[in-house]
Every structure is written in C-alpha cells, then in structure tokens.
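> Let me give you the structure first, and then I'll get to my questions.
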Amino acid sequence: MAIHSGLSPAERADAEQYIASGDCRLAFVSPERVIQPSFLELVRLADVRDIAIDEAHCISHWGHDFRPDYRQLARLKHIFPGTSFHAFTATATERVRNDIVEQLQLDNPAIHVGCFDRPNLVYRVVPSNQLRRQVEGVVERHQDEAVIIYCISRADTERMATYLREKGVAAVHYHAGMEPDDRRATQEAFAREEVNVVVATVAFGMGIDRSNVRCVVHAAMPKSIEHYQQETGRAGRDGLEEECVLFYSPAATMRWKSLIEKSTEEFEGSPELVAAAFELLEHMRKYCTPGTCRHRTLSEYFGQEYEAENCGACDVCLGEGEELEDGTVSAQMVLSCVARVRQNFGAGHVCDVLRGTLTDRVIQLGHDQLSTFGLMESTTKTALNQIIYQLLDQDLLERTRSEFPVLQLNANSWEVLRGERKVQLMPSRSRKKVKTTAHEAKSWDGVNRELFEDLRELRSELATERKVPPYVIFSDASLRDMARIQPQTVETFLGVHGVGEKKLRDFGELFLNPVSYTHLRAHETDSYLVCRLLLE
C-alpha cells in the first residue's frame, strides 16, 4: 500500500483504514509524511515490525541530496523501540555511511556494501562543442533503443527535446514543472516502449520501470559523482552493454557554483554545507578531466579498490579520448587581454576584442586599439569561450559573482603570464571514433539482428495486450539469446537465458520457433493473425 499526494481524499482514507486494520503487510510513505503526528498515530495501531529507509544518503549533511526531513526519522526508533531498522542507498561514501549510522542512532549495525562497479556500462566524457549536434549523434547510434538525456534545467529539457524532434527523433521531455498527468503519461509510455528517447531533469529517476535502457546522456555535468552514479545506473539493468556519455564544459562548473550559492535555503544557510556541496562538485569536475580510467575513479571514490589495469569499457582505456594540449600561449593571450581591458569586462567582450570583432562597444571604448585586438581572430567564439571557461575551471582566472560577472586575474594568472606555469587545455575538436567494447561484441556474437527486432516487436505486442512492461515478458538478454540459438525444441528453448518452466508454458508456443515466426512476419503484417497461426 502506498500513500502519496497523487491519491484522492477517498483513496487516502481507504489506504489509512487498511493500514490501521493490521491487514497491510507493507506500506510505502515519504519521510515527510511518516513523521506527521496524524500518520504516527495511525501506525501506532498497527503492529510495526520493520522500518526500511530508502535513499538513506538523504539523511547525511555530506550526502549529495540532503533532505532535512530525513534527519527526523531517528524519532521512529523511540516511537517503535522494538522495531528492526534498515537503511538502504546505492550511493554513499564511507563518510556518508558513518553519518547515516550516527544520525539514525543505530547501535552496532551490520553494514553491507555491495560492488559499486558496473562492468557492462561504457563511460565516455566528451568535450562539449555544438552540444545539440553531439547529442543527436549519440541518439543516432542507439536508433530504436531506449535513451535518457539528462539536462540541468527544465528549459534545457524542452529545448533539447524540440531540437531532436525537428531532426526526426521522437523525443519527449520530462521535468517536475509538468502537470502530474503529463509526467505520469510520459513515464508510462517510456516503460511500455512506446517512447524511446526522454530528455529530462533529475526528476526522471524514481520508478523507471525499464530494464533495457541502452544509453544515458548527460548534456551537462551533474553536480556530484553520487548523482552521476545514480543516473547512469538507471540503464543496463538487464546486464547488457550500455553507453554513458557525459558532455563536459567548464561552463557547467561555473553554472553549478552559481546555483549552489543561490540555494542557501537548501543548505539551511550553513557555510559548512555550501562548502560540502562545492567539494562534491569538485570531485565531479576532476572525474571529467582526462587521464584516469573512469571505472577505477568511480570505484575508488566510493572506497573500493579496482584491480583491473584496463577496464576496456571507458574512453580512457579504449584510447578514444583526445590528449590534453599545451595551451600556454592561448592562455597567455586571453589573460593578457583581460589585463588590457583593466579586468572590468565579461567573457563576451574579451572574446570580441581577441577575435577582432568591431562592435559598437569595442569601438566606443577604444579597445580596437589594444595590442590584443584580433590576436585570436582565427579562433571561433565557441572555442574561445571554452578556453576561458577552462582557465576559470583550473583557477587560472577568476570571475566575479555579481549580476554581470567580469573576468579578473589572480596570482596563478600572473604566473602564466610570466611564463612560470604551463597550461594544459582540452582540445575543442571532435574526439576519436567510438570503439566497440569486448562486452558489446560478445553480447551480439552470433545474434540474428533482424530476428531480434522481430522478437522485440512480438514482445511489445504481448506486453500491450497483457498491460505489463515488455521486460516482464522477456528481457533483451533473453531475446538476444533466442536470436542467437534459434530454438526449435522445448529442450533448446529451456536453454535460453531467462527461460524456465513458467516462461515455457506462457510463451513457448509464440517464441519457440523464431524461424517460422520470421517467415510469417514477412508474409503477414497483422500481429493478431501471426499469433493465432503460431498457436494453431
């Protein structure tokens, strides 16, 4: 039984009565609701034996998604002193785990930590350049497959979804500002495989009922590794390969810093909590820089050793990424221009001066007479902005926090200008060609892809008829195995991954002979007739 804001008053009353009756074995409620006096009075009437807290990292100040109401859950230990207490989370560092124990006042708890590594996920971090085209390219690699694209803001999701639709991709957006019915319809359409591409904020996460998401795209860097681990972990749950592409721009770091500073209420006005949020952001920024295996970085962040020398499943280990370049000269030109305009102007104006753009403002201020005017005229504005943001990202340049931020030099800037410090920059050009991983090659080895697509279509039709998610019929892993083995006897069908006696009884006659099924599909498009012929 679940009690939530989507219930009508009558439905909520029925649910509460059911809980109070003692017949309810399992109740789902939010932390905000469970600590309300009216609900506590209600559950006192029931014989509560166990309390399980999901997303327990929200309890910790040091977690990535702190929610004050979670801190109140320790009261339940005193209200129900003989009750077994459990806390679960998929993303907690050792520091967060210790804080959960302390805040819940747990006595000598048993702490079980699973493996954080997901070897079937392929991690790629790509410099953001012409972002929408880049995202479109990733979606094209996963045609007819489930893709989730995460953006920072609601407006970003709508703009990206609109762009993809204009390019012929059936994409929809999802965010918390939508009407509840619209959000529910989008989520259900995605679960039923009626929609494959969703552009969303982090609001699209809880309850994603689809095991075969093949790609998660981050159109901008998330604000913590914990968020990244959660969001990428919503794909590849069937154990097959899944691609995680993060488009990184130092501008995202600046954007998150600004949002964190403006969200003082979220951090209860505590400078300590703001500093903790900045620390999480810094870990995420470092993850995005080239050089270290992505699987190793994630595992070690959560306190686990990663033994493999080469994961074979990230851009670094596959040799796809571009090497950092010596950007000292470019940095010196940018910093020199900031000095020449007396550290009183923003990035846009500095770009205009460096590129030799004769705007009215440049001419009015006489900045067309500066020695740095036109110094980088062959550099595109996008590439020049990337250089500026990388300098900000590396603390080689500063930007004021005012409404109209201006660029300013710091001690590190002068070291670069004096030639005492070298600068490494990510190139703005396109990355090397994406490579096929060993895991992906193995999972498709011997699979008849045309037959696999036919089986997916049959699965979708059966799922619609039975009003269940398609993976309940068969997972993608099972369908690939069928398209590989092409079973024609009960014995060989039972050898397919995920097939047991129940699946044999329920679907054996429909899926047992895929060769015959494919032949029928070629001569008859009416799905109902196809199924009827197979059953006869």
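> Based on the Cβ-Cβ distance from S258 to S21, what FRET efficiency comes out when R0 is 41 Å, to the nearest 0.05?
About 0.20, to the nearest 0.05.
> Could you go through region 45-61 in sequence order and give the Karplus-derived ³J(HN,Hα) for each residue, using 6.51 cos²θ - 1.76 cosθ + 1.60 with θ = phi - 60°, rounded to whole Hz, and x for Gly and Pro?
Per-residue couplings from phi come out as 6, 8, 8, 6, 9, 9, 10, 10, 9, 8, 6, 5, 4, 5, 6, 8, 4 Hz.
> Shifting gears a bit: Using alpha-carbon pairs under 8 Å, 6+ residues apart, how would you state the relative contact order of the chain in percent? Let's see the in-between values first.
Working: 768 pairs, mean separation 62.6, N = 536.
The value is 12 percent.
> Does region 179-317 come out rounded, prolate or oblate, given a ≥ b ≥ c as the square roots of the eigenvalues of its C-alpha gyration tensor, rounded meaning a/c under 1.5 and, failing that, prolate meaning a/b above b/c?
Details: a/c = 2.07, a/b = 1.09, b/c = 1.89.
Because a/c hits 1.5 or more and a/b fails to exceed b/c, region 179-317 counts as oblate.
> Just reorder S460, S224 by solvent-accessible area, largest first, 1.4 Å probe, all chains present.
S460, S224
> Please state the relative contact order of region 26-181 as a whole percent: Cα pairs under 8 Å, 6+ residues apart? Could the numbers behind the result be given before it?
On the way: 107 pairs, mean separation 25.5, N = 156.
Relative contact order comes out at 16 percent.
> Under unit Cβ charges (Lys, Arg +1; Asp, Glu -1), what dipole magnitude, rounded to 20 debye, does region 330-407 have relative to its Cα centre?
Dipole size: approximately 80 debye.
> Please give, to one decimal in nm, the separation of the simple spin-label points placed at T382 and F404, each 7 Å out from Cα toward the Cβ.
Going from the T382 label point to the F404 one covers 2.8 nm.
> Shifting gears a bit: So how far apart, in nm, are the two label points at T162 and R33 if each is 7 Å from Cα heading toward Cβ?
That separation, rounded to one decimal, is 3.6 nm.
> Please list L494, L104, L504 in order of solvent-accessible area, largest first, computed with a 1.4 Å probe with all protein chains present. Before the final figure, lay out the partial values.
Numbers: L494 60, L104 0, L504 35 Å².
Output order, biggest surface exposure first: L494, L504, L104.
> Convex hull volume of the Cα atoms in region 354-468, per residue, in Å³?
Spelled out: Cα convex hull of region 354-468, divided by residues, is 292 Å³.
> Still on this structure, please answer the following. For region 410-423, in order, what is each residue's ³J(HN,Hα) by Karplus, 6.51 cos²θ - 1.76 cosθ + 1.60 with θ = phi - 60°, in whole Hz (x at glycine and Pro)?
After applying 6.51 cos²θ - 1.76 cosθ + 1.60, I find 9, 4, 5, 4, 5, 4, 5, 5, 7, x, 8, 9, 8, 10 Hz.
> What is the extension gain from A203 to E282, computed as 0.36 nm multiplied by their sequence separation minus the C-alpha to C-alpha distance, in nm to one decimal?
Contour length minus Cα-Cα distance gives 26.2 nm.
> If amide H atoms are built 1.01 Å from N in the plane of the peptide, which residues on other chains or at least 5 residues away come under 5 Å of the amide H of H218?
Y150, V245, L246, F247
> Okay, moving on. Using +1 on the beta carbon of Lys and Arg, -1 on that of Asp and Glu, and nothing else charged, what's the dipole of the chain about the Cα centre, debye to 20? Let's see the in-between values first.
Numbers: 63 positive and 81 negative charges, 230 e Å.
Computed about the Cα centre, the dipole is about 1100 debye.
> Once the piece of chain linking A275 and I79 is laid out straight, how much longer is it, given 0.36 nm per residue of separation minus the C-alpha distance between them?
Working: separation 196, 0.36 × 196 = 70.56 nm, distance 3.45 nm.
Length gained between A275 and I79: 67.1 nm.
> Continuing with the same structure: Hey, with R₀ at 22 Å, roughly what FRET efficiency would R361 and E415 work out to, going by the Cβ-Cβ distance, to 0.05?
0.10
> Would you work out which of A20, T157, V329 lies farthest towards the positive end of the dipole of the chain, given +1 charges on the beta-carbon of Lys and Arg and -1 on that of Asp and Glu, about the Cα centre?
About the Cα centre, the residue reaching furthest to the positive side is V329.
> Which value at 222 nm does the chain reach when only helices count, each DSSP H run of 4 or more adding -39,500 (n - 2.57), with the total divided by all residues and rounded to the nearest 500 deg cm²/dmol?
Details: 26 runs with 249 residues, N = 536.
About -13500 deg cm²/dmol.
> Moving to a separate point now. Can you list the aspartates and glutamates whose alpha carbon is less than 12 Å from that of K286, not counting same-chain residues fewer than 8 positions off?
Straight-line reach from K286, under 12 Å: D393.
> Cα gyration tensor of the chain, axes a ≥ b ≥ c as square roots of the eigenvalues: rounded (a/c below 1.5), prolate (a/b > b/c) or oblate?
Oblate, because a/c is 1.5 or more while a/b does not exceed b/c.
> Turning to a different aspect of this structure: Which residue, chosen from N108, L504, S60, occupies the Cα position most advanced towards the positive end of the dipole of the chain, where the dipole is computed from +1 (Lys, Arg) and -1 (Asp, Glu) charges on Cβ about the Cα centre?
Result: S60.
> On to the next question. Please list the non-local residues whose amide H lies under 5 Å from the amide H of Q408, H modeled 1.01 Å from N, same-chain partners needing a gap of 5 or more.
E398, R399, T400
> Turning to a different aspect of this structure: Nearest 5 is fine: what % of DSSP beta bridges in the chain come out antiparallel, could you say?
In the chain, DSSP labels about 10 percent of beta bridges as antiparallel.
> A further question on this structure: On a straight-distance basis, which lysines could pair with K502 in a cross-link, Cα separation under 20 angstrom, same-chain partners fewer than 8 positions away excluded?
K467
> Return the whole-Å distance between the Cα centroid of region 134-201 and the Cα centroid of region 278-305.
Region 134-201 and region 278-305 have Cα centres separated by 28 Å.
> Just to verify a number: FRET efficiency for C115 and S5, C-beta to C-beta distance, R0 = 35 Å, to 0.05?
My answer for the efficiency is 0.50.
> When the solvent-accessible surface of protein heavy atoms is calculated with a 1.4 angstrom probe, in what order do W256, W414 fall, highest first?
On the way: W256 35, W414 110 Å².
Solvent-accessible surface, decreasing: W414, W256.
> Step by step: find N for region 50-173, compute 2.2 N^0.38 Å, then divide the Cα radius of gyration by it. What's the final number?
On the way: Rg = 20.7 Å, N = 124, 2.2 N^0.38 = 13.7 Å.
Taking the Cα Rg and dividing by 2.2 N^0.38 Å, one obtains 1.50.
> What does the extension gain come out to for N98 and A155, with contour length at 0.36 nm per residue minus their alpha carbon separation?
Extra length from N98 to A155 when fully extended: 16.8 nm.
> If ligands, DNA and RNA are left out, what is the accessible area of K223 with a 1.4 Å probe, given in Å² to the nearest 10?
50 Å²
> While we're on this one: List every residue whose amide H lies under 5 Å from the amide H of E322, counting only residues 5 or more places away in sequence or on a different chain, with H placed 1.01 Å from N in the peptide plane.
Amide H neighbours of E322, under 5 Å, 5+ apart: K432.
> Select from S402, G356, S413 the residue farthest towards the positive end of the dipole of region 354-417; place +1 on Cβ of Lys and Arg, -1 on Cβ of Asp and Glu, and compute about the Cα centre.
G356
> In debye to the nearest 20, how big a dipole does region 1-128 give about its Cα centre with +1 on each Lys and Arg Cβ and -1 on each Asp and Glu Cβ?
The calculated dipole for region 1-128 is roughly 240 debye.
> What are the ³J(HN,Hα) values, in whole Hz, obtained from phi via the Karplus relation 6.51 cos²θ - 1.76 cosθ + 1.60 with θ = phi - 60°, for each residue of region 276-288 in sequence order, with x given for Gly and Pro?
Rounded to whole hertz, the list is 5, 5, 5, 5, 4, 5, 5, 4, 5, 4, 5, 4, 6.
> Can you give the relative contact order of region 371-421 as a percent, counting alpha carbon pairs under 8 Å and 6+ residues apart? Provide the component values of the computation, followed by the final result.
Numbers: 28 pairs, mean separation 10.8, N = 51.
This gives 21 percent for region 371-421.
The values are calculated or read from the model by the stated rules, or taken from the named source; none is laboratory data. Computed from a prediction, not measured in an experiment: that's the story for all the values here. Note that each Cβ is placed from the backbone with ideal geometry, even for glycine, and that neighbours are counted across all protein chains shown. Please note that ligands, DNA and RNA were not included when accessible areas were found on the heavy atoms of the full protein model with its side chains. Shrake-Rupley method; radii C 1.70, N 1.55, O 1.52, S 1.80 Å.
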